[in-house]
Every structure is written in C-alpha cells, then in structure tokens.
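> My questions will all concern the structure given below.
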Amino acid sequence: MAGEERNLIPKVQIKDVKKIYEGRNGQTIALNGANLDIYDNEFICVVGPSGCGKSTLLNIIAGLHEATSGEVLVDGVKVEGTGVDRGVVFQQYALFPWLTVKKNVMFGLNLKKGMTDAEREETALKYIKMVGLEKFVNSYPKELSGGMKQRVAIARAYAVNPSLLLMDEPFGALDAQTRTQLQTELLKTWEEEKKTCFFITHDVEEAILLASRVVVMSARPGRIKEVIDIDIPYPRNQETKMLPRFTELKNYIWQNVYKEYLEVQK
Ligand SMILES: Nc1ncnc2c1ncn2[C@@H]1O[C@H](COP(=O)(O)OP(=O)(O)OP(=O)(O)O)[C@@H](O)[C@H]1O
Ligand SMILES: [Mg+2]
C-alpha cells in the first residue's frame with residue numbers, strides 16, 4: 001500500500017480491546033488488548049488457534065458484542081451497535097429457514113431506508129446471480145447444500161452494500177472443491193468492488209491467497225501477535241499457490257501459528 005494512503009484515517013481502528021466473558025465457571029479472558037488499524041480496501045485475514053478470540057473480535061467490530069474495555073472505531077466513529085455499513089457472514093450459516101433464498105437476501109435490505117420493494121428485489125437478484133444461485137431464488141435453505149447456503153449468506157451480506165465485510169470462517173464447513181470455487185469468486189468480487197474485508201480462517205493457504213495482510217493471533221487470551229504483509233500482487237487465483245513466494249509465506253506463517261497451537265495444548 002502506498003505511503004500516502006497510510007496517512008488517511010483507517011477504516012477500522014481496534015484500540016486495546018479486551019473482552020472478558022463471565023460464565024458459570026468463572027471468567028474467560030477472550031481478548032487481552034488487541035490493537036490493529038485496517039485501511040480502506042484492505043483484505044485482512046485472521047488466523048490463530050481455536051478459542052483465541054477471533055470470533056469475539058469480529059463480533060465486537062460488528063457491534064454484536066461489547067468490549068469490556070478499549071474500543072473499535074469504524075470510519076472514525078465508535079462502534080456502539082450493528083449498522084448497515086458492516087455486513088456479517090457467520091461461522092455457522094445463519095439463514096432463516098422459513099424464507100426463500102430471495103427473501104433471505106432481501107431481509108437485510110429491509111433495514112435500508114428509502115428503497116422500494118421493487119428495488120430491494122432487484123438488488124437481491126443481482127447478488128443471487130453473483131453467487132450463481134439464480135436457479136434457486138425460490139428455494140428454501142433446507143433444499144440447498146452447505147456450499148449453496150453459504151453463498152446465500154454471502155449474497156445477503158453483499159446486497160446491503162456494506163463498506164466493511166466481516167466474515168467468520170465462511171468456507172470452514174465446505175468441501176475442498178466448493179471452497180476453492182468460492183475463494184475464487186470472493187477474490188474476483190473483492191477486486192471489482194474493493195470493499196474492506198475482515199476474514200477469519202483456520203486455513204493458512206486460504207489466508208495467503210486472499211489477504212493483503214495476515215494477522216496471526218496468539219493463544220488465549222488473544223492478542224495480535226504478528227501482522228504479515230502478503231507481497232504477492234493481485235489479481236490472484238488458484239495458480240498463485242504455485243509461486244515460490246507463496247510457499248515461503250506459507251511456511252513462515254504456518255510455523256508462527258503452529259507455535260500458538262502448541263501453547264493451547266499445554
Ligand atoms: N458467549 C460466551 N460466553 C462465555 N465464553 C465465551 C463466549 N463466547 C466465547 N467465549 C470464550 O471465549 C474464548 C474465545 O472464543 P472465540 O469464539 O472468540 O474463539 P475463536 O478464536 O473464534 O475460536 P474458533 O476458531 O474455535 O472459532 C473461548 O475460550 C470461548 O470459550
Ligand atoms: Mg470462531
């Protein structure tokens with residue numbers, strides 16, 4: 001990224017965010033001081049061992065959870081709840097089973113004021129087409145495969161045209177082929193629409209393929225351990241994985257993450 005762009009206000013500012021959950025078995029420190037600036041049009045991928053606080057951080061940025069201390073600013077404004085500027089794709093598919101694909105995608109648009117029903121429908125159809133589900137607009141979630149459901153969730157998030165997309169392991173439960181296909185689609189759409197993406201994954205290869213920067217989180221209590229610039233130019237595709245630089249980055253990041261997995265085992 002050019003130096004001058006760095007002078008702009010970051011799209012997202014994560015400032016010393018701590019999160020303590022009070023449970024029946026006492027407290028869990030999920031995040032212990034996370035700090036990160038994310039710039040406009042960046043694609044950030046977050047990796048780290050299970051339970052290190054990745055979803056917690058995403059939920060705080062989304063405004064679904066409140067930080068115990070610290071704060072998150074989006075476009076310079078403190079996050080105090082959800083907003084149509086932020087689209088979320090959850091770790092588990094979160095579709096309404098009683099709504100068709102079209103109605104599921106239109107759902108988020110109900111929050112957008114000043115749109116007619118016809119405009120909502122037109123927008124929903126555009127994004128359903130983008131994820132290749134135009135033949136399934138009137139299907140219900142139970143009639144779709146896991147990959148198709150996740151495409152609906154992605155279409156729903158995109159339809160609202162958020163400037164920030166928050167995605168929590170969106171491809172985690174998918175088979176390798178569908179995953180590869182959705183990665184390619186996501187890259188293409190991001191390159192066209194240039195939104196800011198915050199994407200959680202367990203898969204180091206996926207992170208390097210997609211991200212402009214990869215964030216490695218440490219074992220719980222979560223902190224941001226290292227941020228690695230992925231200096232492989234876009235456009236990228238599955239062949240990018242064959243580049244020697246890709247392998248170098250993969251080995252480096254994997255070793256880094258693996259240390260954190262070992263911490264969890266202790
Ligand atoms: N609502 C909650 N109440 C109590 N503890 C919670 C709650 N949500 C998360 N935690 C705890 O906070 C820690 C971080 O959880 P989080 O879901 O953020 O992890 P994660 O990095 O997303 O893990 P995974 O990779 O498995 O999805 C975990 O120890 C978890 O048990
Ligand atoms: Mg999670």
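> Per-residue counts of other Cβ atoms within 10 Å, averaged by peptide: what ranking do you get for 69-81, 144-156, highest first?
144-156, 69-81
> Taking a 31 Å limit on the Cα-Cα distance, which of the listed pairs 19/103; 103/194; 129/250 fall beyond it?
Among 19/103; 103/194; 129/250, the Cα-Cα distance tops 31 Å for 19/103; 129/250.
> Same structure again: Quick one: helix 244-265 against the long Cα principal axis of the chain, what's the angle to the nearest 10°, folded into 0 to 90?
Between helix and principal axis, roughly 70 degrees.
> Based on the mean of other Cβ atoms within 10 Å per residue, sort peptides 123-131, 222-230 so the most packed one is first.
123-131, 222-230
> Who wins for biggest fluctuation among 41, 110, 25 in a Gaussian network model of the chain, springs between alpha carbons below 10 Å?
Result: 25 has the largest fluctuation of those listed.
> Further question on the same structure: When we measure straight from the Cα of residue 18, which lysines land under 18 angstrom away, once same-chain ones fewer than 8 places off are left out?
Within the straight-line limit of under 18 Å, residue 18 reaches these lysines: 54, 78, 225.
> Arranged by the count of other C-beta atoms within 10 angstrom, fewest first, what order do 185, 143 take?
Neighbour counts put them in this order, fewest first: 143, 185.
> Taking θ = phi - 60°, what integer Hz values does the Karplus form 6.51 cos²θ - 1.76 cosθ + 1.60 yield along segment 142-150, in sequence order, with x for Gly and Pro?
Once θ is set to phi - 60°, the couplings for segment 142-150 become 5, 8, 10, 6, x, x, 5, 4, 5 Hz.
> When DSSP assigns beta bridges and you keep just the ones with both residues in the chain, what percent turn out antiparallel, to the nearest 5?
Numbers: 22 of 40 bridges.
Bridges in the chain are about 55 percent antiparallel.
> Do the sum for the chain: with -39,500 (n - 2.57) for every DSSP H run of n ≥ 4, divided by all residues, what is the mean residue ellipticity at 222 nm, to the nearest 500 deg cm²/dmol? Intermediate values should be presented prior to the final figure.
On the way: 7 runs with 91 residues, N = 266.
So the calculated ellipticity at 222 nm is -11000 deg cm²/dmol.
> Among 190, 98, 254, which comes first, second and so on when ranked by fewest other beta-carbon atoms within 10 Å? Could you put the intermediate results ahead of the total?
On the way: 190 19, 98 9, 254 15.
Listed from fewest to most nearby Cβ atoms, that is 98, 254, 190.
> How long are the three semi-axes of the equivalent ellipsoid for the chain, computed from the Cα gyration tensor as the root of 5 times each eigenvalue, in whole Å, largest first?
29, 22, 19
> Distance between Cα centroids, segment 29-58 to segment 211-266: provide it in whole Å.
Cα centres, segment 29-58 to segment 211-266: 13 Å.
The numbers here are math on the coordinates, done by the rules we state, and not lab data. Here the structure is a predicted model, which means the values were calculated and not measured. Glycine gets a Cβ as well: all are built from the backbone with ideal geometry, and neighbour counts include every protein chain shown.
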